[in-house]
Amino acid sequence: MDTKNIGLRDIEVADTRISDIDGERGKLIYRGYDILDLTKNSNFEETAYLLLHDRLPSKTELDDFRARLADARLIPTHMQENMGNWRKDADPMDALQAFVAALGGYYDEEFSSKNASYDRAINLIAKVPTIVVSWERIRNNKKIINPDPKLSHAANFLYMLTGEKPDPEIEKVLDVCLILHADHSFNASTFAARQVASTRAHMFSAASAAIGALSGELHGGANYEVMKMLLEIQTMDNVEPWIIEQIEKGNRIMGMGHAVYKTFDPRALVLKELSKKLAKKTGQPWYDITEKVEHVTIREMKNRKGIDIYPNVDLYSASVYYMMGIPMDLNTPLFAVSRCAGWAAHIIEEKFAEAAPKPALYRPKASYVGKYCGPEGCKYTPLDLRPEPQVS
Ligand SMILES: CC(C)(COP(=O)(O)OP(=O)(O)OC[C@H]1O[C@@H](n2cnc3c(N)ncnc32)[C@H](O)[C@@H]1OP(=O)(O)O)[C@@H](O)C(=O)NCCC(=O)NCCS
């Protein structure tokens, strides 16, 4: 195949009205609004509405949307009981993927109705945080804390996690993180969601496929790997030798590099400030260490490999979540808590786009490089006539 098409880079597969990335200028746009404007002025609920509906809500619409989200937060009791039967060391992303898929059994979707899909979207956005935190508490043998409908999406997540109403400053930090992670055009998990939706599978099926895609370390799993790296580095003095050793070994520095941004990821700029603020508040060293990782990686990648590389969203989100007291392996589930708003918008767009060209079932071509055994193809050999492989 043409190697420039590997990983579908630069191949346009659909039209979208939801978000856009300008990789050269480091800009991210949701429905026409710059992400930096939204982080300053909006909140997660309003941003989720914007992603789903193509415009900002009126006050009444936002109040109604918030109330519907708050009403839908509880997960079925059966599901909570079922979680209790899982192995306690199961990965939270695996649990999330399974329980989001299981929501399909509770909320049937008529795939022909766009309004029904909006209802499923509300259920998805409202219930993903409850699933994440319920699993966190169950695996630690703690009692599940029911959601508090009076709290914002961000505050409620922290409340269900800790049992305490959060400090408003921490709530605001999480709210900004949720806005920043809510959508990112055709990234791997969103494309997975759209691909499944293109078969007319339901919202929860498409979202659970997206969660599977998000779990990999080259996508959402990177922020967990970043925190592991920071803990391994531990001190400012260790940063330089550690990074140089990894680059010399040909290993990747997590949180650095991006398939689309050829400059600073705008989300990393905001997260860098949040990390700095939390480091000041908590007295922890992780902002300083991360900043040094950034500088050394940029310098060494340029000097040793001639490659320009910049921080991506995961570099500073790792320390932000850590300093907020969020368990490390909830970093990626927390990414899903936010990104499910974008997934839902994309799933609805994939199924119900009205303007031509309408999306179609995804079915790319592959370049077969296997064997043919001559023009007639291979001839089937009965099992008892096949030789055993030689063990060398
Ligand atoms: C995200 C990522 C997959 C994008 O990669 P990409 O733009 O498709 O670039 P490629 O994977 O083709 O890499 C191009 C070159 O840069 C190098 N590179 C890219 N990211 C690197 C990183 N984080 N650390 C070290 N080298 C890196 C590759 O090794 C490759 O070098 P080579 O040509 O000598 O083999 C990649 O930057 C990466 O693996 N980053 C770390 C994981 C991460 O943080 N993911 C979260 C993304 S939001």
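The values are calculated or read from the model by the stated rules, or taken from the named source; none is laboratory data. The model shown is predicted, which means the values in this text are computed figures rather than measured ones. Neighbour counts are summed over all protein chains in view; Cβ atoms, including those assigned to glycine, are modelled from backbone coordinates with ideal geometry.
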Is there a residue in the stretch 349-357 that is outside any helix (DSSP H, G or I), without any contact (Cβ under 8 Å) to a residue 12 or more places away in the chain and of a type in the set (D, E, K, R)? yes
Take the stretch 214-243 and flag every residue that is more than 24 Å from D288 (Cβ to Cβ) and surrounded by 22 or more Cβ atoms within 10 Å (Cβ to Cβ). L214, S215, G220
When the stretch 235-264 is checked residue by residue, the ones that are within 7 Å of the ligand (Cβ to nearest atom) and closer than 18 Å to N187 by Cβ are R252, M254, G255, M256, G257, H258, A259
Which members of the stretch 321-339 meet the condition of being touching a Lys or Arg at 6+ places or on another chain (Cβ under 9 Å) and either away from the ligand (no atom under 16 Å from the Cβ) or farther than 15 Å from L231 by Cβ (or both)? M323
Residue count for the stretch 299-310, restricted to those that are near the ligand (Cβ under 9 Å from one of its atoms) and within 28 Å of the chain's Cα centre (by Cα): 3
Subset of the stretch 192-234 [within 11 Å of the ligand (Cβ to nearest atom) and assigned to a helix (DSSP H, G or I)]: L214, A222, N223, Y224, E225, V226, M229
For the stretch 274-317, which residues satisfy the criterion of being in contact with a Ser or Thr (Cβ under 9 Å, 6 or more places away or on another chain), free of Cβ contacts under 8 Å to residues at least 40 places away in the same chain and of a type in the set (D, E)? E291
Residues satisfying the stated conditions in the stretch 273-298, i.e. surrounded by fewer than 21 Cβ atoms within 10 Å (Cβ to Cβ) and either within 13 Å of the ligand (Cβ to nearest atom) or under 21 Å from the mean Cα position of the chain (by Cα) (or both): E273, V296, I298
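Kindly establish whether Y118 is out of contact with any Asp or Glu (no Cβ under 8 Å at 6 or more places or on another chain), at pLDDT below 95 and surrounded by fewer than 22 Cβ atoms within 10 Å (Cβ to Cβ). Steps first, please.
Details: out of contact with any Asp or Glu (no Cβ under 8 Å at 6 or more places or on another chain): yes; at pLDDT below 95: yes; surrounded by fewer than 22 Cβ atoms within 10 Å (Cβ to Cβ): yes.
So Y118 passes the test.
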